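Participant: Okay, handing you the structure first.
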């Protein structure tokens, strides 16, 4: 018979960045929590597997298809923001600075981790651009090696369609002090400096 | 209708040291995981609420009462190791250096957090010491202000019973370099130095 606590630690270890030590801490905390709190977490997990699907349009995980954003007639369908992961949508929505729609690639090119172009949802993007009138595609992949390579690849694939392609600006993060900003970011910020 | 993802993030936020950012990362990871993995975590949580009770003897959470350690006739019932939390039992068992039994206080004195003597399982310890023949009580509370205060309080309560009371040694952690050890630890290590 497996000890229920060991079983829980084992299951928690599969969370990203959670090793045996954190998992044990979580498990003992849950042991001290009210039964209602633990049941609520279990129910929330089961609800996710039961109720979440993917929006056929933008590929964001959503309890509805189409998702809340793709269904919203106030959103500007003329502009598609291409991101790596669903969490990026949450971050951009929080900024309140985007009123268009999204496309989730579900990953970024990473030869080291064996992620090639076919693992990304690029064909789905091309299909969308062919079947809809779209004026601009914003490449909002990460400012990492993988994100830049992915942006370059997507741009190359859709360039022939003649749509305006843009990329998120690079530069100083809000609130950053020059003294503490890394050299590459400063180089970008200088290179892309704007008239003031 | 609450979005299942928001509900999961909210539930995960109750884990110790998990803020909205980590909870969101966990939730998106779970969304990408296999349904079986997510179900296994949910089942493990429910199993803990269903199957875990407390050992009436040492107060450790356990699927059985008495627990595995209190049931083990090889363990030395003459020596009780008093700890703050169940996780401390796990750590001491891993060391393989203790063959006695445990008593969990389920906390430490902390006036700042409103934890007074009555919140700790000290009466249960005194009751145990009165109804059993015990030769030694090891105070294995943390080497923190709260842990030291708790050890002092427990010692004061059981001193009249005439049982040998010991405390975990303080000093250099295994593998530590003198240069990097903090001043208080070094002071202890010097003060408690042993003949070599």
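Participant: Looking at segment B:26-37, which of its residues are within 16 Å of residue A:107 (Cα to Cα) and in contact with a helix residue (DSSP H, G or I) (Cβ under 7 Å, 6 or more places away or on another chain)?
Facilitator: Answer for segment B:26-37, where residues must be within 16 Å of residue A:107 (Cα to Cα) and in contact with a helix residue (DSSP H, G or I) (Cβ under 7 Å, 6 or more places away or on another chain): B:28, B:30, B:31.
Participant: Still on this model: Go through segment B:95-114 and give me each residue that's over 20 Å from residue B:71 (Cβ atoms), in contact with a helix residue (DSSP H, G or I) (Cβ under 9 Å, 6 or more places away or on another chain) and part of a loop (DSSP other than H, G, I, E, B).
Facilitator: Answer for segment B:95-114, where residues must be over 20 Å from residue B:71 (Cβ atoms), in contact with a helix residue (DSSP H, G or I) (Cβ under 9 Å, 6 or more places away or on another chain) and part of a loop (DSSP other than H, G, I, E, B): B:105, B:106, B:107, B:108, B:109.
Participant: Which one of A:187, A:155, A:149, A:143 is in a loop (DSSP other than H, G, I, E, B) and surrounded by fewer than 17 Cβ atoms within 10 Å (Cβ to Cβ)?
Facilitator: Checking each option against the conditions leaves just A:143.
Participant: With B:165, B:92 as the choices, which residue is surrounded by 14 or more Cβ atoms within 10 Å (Cβ to Cβ) and in a strand (DSSP E or B)?
Facilitator: Numbers: B:92 fails: in a strand (DSSP E or B).
Within the list B:165, B:92, the selection yields B:165.
Participant: Still on this structure, please answer the following. For segment A:1-25, which positions are within 7 Å of chain B (Cβ to nearest Cβ), surrounded by fewer than 20 Cβ atoms within 10 Å (Cβ to Cβ) and under 26 Å from the mean Cα position of the chain (by Cα)?
Facilitator: A:14, A:16
Participant: Anything in segment B:82-104 that is in contact (Cβ under 8 Å) with a residue 40 or more places away in the chain and within 13 Å of chain A (Cβ to nearest Cβ)? List them, or say none.
Facilitator: Scanning segment B:82-104 gives B:83, B:84, B:88, B:104.
Participant: For segment A:115-137, does any single residue satisfy the condition of being part of a loop (DSSP other than H, G, I, E, B), more than 19 Å from residue A:59 (Cα to Cα) and out of contact with any strand residue (DSSP E or B) (no Cβ under 9 Å at 6 or more places or on another chain)?
Facilitator: No, there is no match, as no residue in segment A:115-137 is part of a loop (DSSP other than H, G, I, E, B), more than 19 Å from residue A:59 (Cα to Cα) and out of contact with any strand residue (DSSP E or B) (no Cβ under 9 Å at 6 or more places or on another chain).
Participant: Something else now. Might you check whether a residue that is touching a residue at least 60 places away in the same chain (Cβ under 8 Å), buried (at least 18 other Cβ atoms within 10 Å of the Cβ) and more than 7 Å from chain A (Cβ to nearest Cβ) occurs anywhere in segment B:26-41?
Facilitator: Step one: filter segment B:26-41 for residues touching a residue at least 60 places away in the same chain (Cβ under 8 Å), giving none.
Within segment B:26-41 (the criterion being touching a residue at least 60 places away in the same chain (Cβ under 8 Å), buried (at least 18 other Cβ atoms within 10 Å of the Cβ) and more than 7 Å from chain A (Cβ to nearest Cβ)), the answer is no, since none of the residues qualifies.
Participant: A follow-up question, please. Hey, can you tell me all the residues within segment A:43-55 that are surrounded by fewer than 21 Cβ atoms within 10 Å (Cβ to Cβ) and out of contact with any strand residue (DSSP E or B) (no Cβ under 7 Å at 6 or more places or on another chain)?
Facilitator: A:43, A:46, A:47, A:49, A:50, A:51
Bear in mind these aren't lab numbers, they're just calculated from the coordinates by the rules spelled out. From a predicted model like this one, the values you see are computed outputs, not experimental measurements. No Cβ is skipped: glycine too gets one built from the backbone with ideal geometry, and neighbour counts run over all protein chains shown.
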